[in-house]
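I'd like to ask you about the structure that follows.
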Amino acid sequence: MGNLPFSHLPVLLDETLALWPQQEGWYLDCTVGGGGHAAAWLTRCPQARLLAIDRDDEALTAARQRLAEFGDRVEFWHGNFADFEPGDRRFWGIMADLGVSSPQLDRPERGFSFQQDGPLDMRMDRSQPLTAADLVNTWDETDLANLIYRYGEERYSRAIARRLVGHRPFADTQTLAQNIAAAVPPAYRRGRLHPATRTFQALRLAVNQELESLTRWLHRVADWLQPGGTVAAISFHSLEDRLVKHTLRDHPHLTVLTKKPLMASPDEQKSNPRARSAKLRGPVAKLRSHRFSPEPSPISR
Ligand SMILES: C[S@@+](CC[C@H](N)C(=O)[O-])C[C@H]1O[C@@H](n2cnc3c(N)ncnc32)[C@H](O)[C@@H]1O
């Protein structure tokens, strides 16, 4: 883990927790990270118990330390939230604060950022074999271009893919970023966003199968709720936000409580730049009327 403290400022903290009913029983934080939202909830609702999930072992270690003071009110589960099985347990509040944490971005050895040099890794769960280097160094040009276009919404996807295929193999983040910059027109290089931003987003989403996991989670999560419980999701880019908005809006057992997404206040945006793109969404949803069987059979769905 290096010597850096695991420091992540939770975004939209009060706005998210205000959506959960204060009940005695279980709550589910699907992306516990450093435990910021989780600690605040356990303090605010003394009768609550919380199950904390993360697919990053480093995050889970940090969360265990941070939440130790709450003793057996907290349980942990390491894995992808899309694969979680609740058994008979049902939750009053469920949240997902999507994407990567500040420590994941800030630690060069994790390979998420082009701001510092590191291995081309980008895995949230380091027990999975596939890394960003595998994608960049083995996919054919058309597949890479399509990936960068679809997951990065990058208009120079074809030029970037051509350049990468012509200059690989790549092993580190900065050489990759420099080659992406060299593939785009000079005016684009001088734009507000670093020219590698969108390609890095695309690679990260693909390595971690983030949109596929989110889709599966959105389709399953209503079955994990207590009747009257709420789900909240915080997204950080339009691909996530669209998925959350449409899937929960169309869900037969959920009522969306907020039509417009909640955004961070100007003060929060000033003190935490990550909060600028955060949207707390219509995934803010509530069970309409739901008859629970502990594990609904495929036939009754
Ligand atoms: C933005 S951080 C969460 C920060 C947390 N709310 C806090 O207050 O410290 C997102 C976390 O979600 C985890 N994560 C992202 N996608 C996941 C998934 N599909 N399953 C489990 N964990 C995931 C990441 O590893 C990361 O630690």
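Run the 1.4 Å probe and let me know the accessible area of Ser7, rounded to the nearest 10 Å².
80 Å²
Given the convex hull of the Cα atoms of region 29-174, what is a quarter of its surface area in nm²?
On the way: hull surface 41.6 nm².
Mean shadow area of the hull around the Cα atoms is 10.4 nm².
Next up: Taking amide H atoms as placed 1.01 Å from N in the peptide plane, list the residues 5 or more away in sequence, or in a different chain, whose amide H sits under 5 Å from that of Phe91.
Leu225, Gln226
Quote the charge dipole size of the chain about the Cα centre in Debye, to the nearest 20; the model charges only the Cβ of Lys and Arg (+1) and of Asp and Glu (-1).
About 1140 debye.
Total Lys pairs in the chain closer than 16 Å by alpha-carbon, pairs eight or more apart in sequence or interchain only?
Number of lysine pairs found: 9.
Calculate for the chain the 222 nm mean residue ellipticity that helices alone would give, adding -39,500 (n - 2.57) per DSSP H run of length 4 or more and normalising by residue count, nearest 500 deg cm²/dmol. Can you show the working numbers first?
Values: 13 runs with 114 residues, N = 301.
Using -39500 (n - 2.57) per qualifying helix, the result is -10500 deg cm²/dmol.
Taking 10 °C and 1.306 mPa s as the conditions, I'd like the Stokes-Einstein D for the chain in µm²/s, using the Kirkwood hydrodynamic radius from alpha carbon pairs. List each step's numbers first, then the result.
Values: Rh = 20.2 Å.
Approximately 79 µm²/s, per Stokes-Einstein.
Moving on to the next point. For region 50-91, take the convex hull of the Cα atoms, compute a quarter of its surface area, and give me that in nm², please. Show your work: numbers first, answer last.
Details: hull surface 12.4 nm².
Mean projected area for region 50-91: 3.1 nm², to one decimal.
When only alpha-carbon atoms are used, what values of Rg and Dmax, in angstrom, describe region 1-94?
For region 1-94, the Cα radius of gyration and maximum Cα-Cα distance read 12.7, 40 Å.
Kindly work out what percent of the DSSP beta bridges joining two residues of the chain are antiparallel, to the nearest 5. Please report the intermediate quantities before stating the final value.
Working: 10 of 30 bridges.
About 35 percent, rounded to the nearest 5.
Determine Rg/Rh for region 126-207; Rg is computed over alpha-carbon atoms and Rh is the Kirkwood hydrodynamic estimate from the same atoms.
Details: Rg = 11.8 Å, Rh = 12.5 Å.
Answer for region 126-207: 0.94.
The values are calculated or read from the model by the stated rules, or taken from the named source; none is laboratory data. Just so you know, these numbers come straight off a predicted model, no measurement behind them. Virtual Cβ from ideal backbone geometry, glycine too; neighbours counted across all protein chains shown. Surface areas here come from the heavy atoms of the whole protein model, side chains and all, with no ligands, DNA or RNA. Shrake-Rupley method; radii C 1.70, N 1.55, O 1.52, S 1.80 Å.
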